[in-house]
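Okay, so here's the structure we're looking at.
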Amino acid sequence: MPFKLILTLVLVAFVAVFTGFNLDNSCNVWLFYTFKDVPVFVTILISLVAGVVITLPFTLGKRVKQVEKEEKEKRFRKMEKEEKKAQKAAKKAAAKASKNTSVPAGDSDEQKNAAVAETVAVQTVSAPVSPADAMASASTADPDPESAQ
């Protein structure tokens with residue numbers, strides 16, 4: 001914190017010294033009108049301020065894009081973590097299912113994997129369909145073209 005204060009004071013002193021040495025120097029500036037005897041330090045300060053004002057929108061626009069990019073990356077990493085958790089849970093379920101299945105000891109690895117996959121497939125049951133959902137899907141189905149004739 002004191003470092004920033006010291007740096008600011010040094011910059012102010014530098015500007016004051018620069019202004020003091022250039023009080024005698026002046027120039028003509030043309031900006032659709034000729035301004036005569038404009039002090040050089042005023043011309044330089046106006047140029048500096050104009051550069052900052054012109055550069056500022058580009059700097060802020062870049063930051064907004066960077067924040068959006070970071071948010072996308074964060075969501076992507078979160079999705080990857082969730083996928084890894086789901087894969088771990090599936091592996092645990094498969095390991096648990098393989099312990100519960102009785103596979104003869106002489107079978108090959110392919111047969112063991114097939115037995116585990118079959119057990120996991122049997123254990124996964126789709127959600128039951130309510131009668132209201134069944135009626136809704138039946139009412140949206142296309143009528144039989146032969147009965148329409």
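General remarks:
- In units of the compact-protein estimate 2.2 N^0.38 Å, the range 1-67 shows a Cα radius of gyration of 1.54.
- Two-site label geometry, T34 and K78: point separation in nm, points 7 Å out along Cα→Cβ: 6.5
- Spatially close Lys pairs in the range 16-97, defined by Cα atoms under 23 Å apart and a spacing of eight or more places or different chains, total 23.
- If the segment from E70 to K96 were pulled out straight at 0.36 nm per residue, it would be longer than the present Cα-Cα gap by 5.5 nm.
- Sorting the segments 37-47, 85-95 by their residues' average number of neighbouring beta-carbon atoms within 10 angstrom, most packed first, yields 37-47, 85-95.
Each reported figure results from applying straightforward, stated rules to the coordinates on display, with no laboratory input. As the structure is a prediction and not an experimental result, all values here were calculated from the model. Ideal geometry is used to build each Cβ from the backbone, glycine not excepted, and the neighbour counts take in all protein chains shown.
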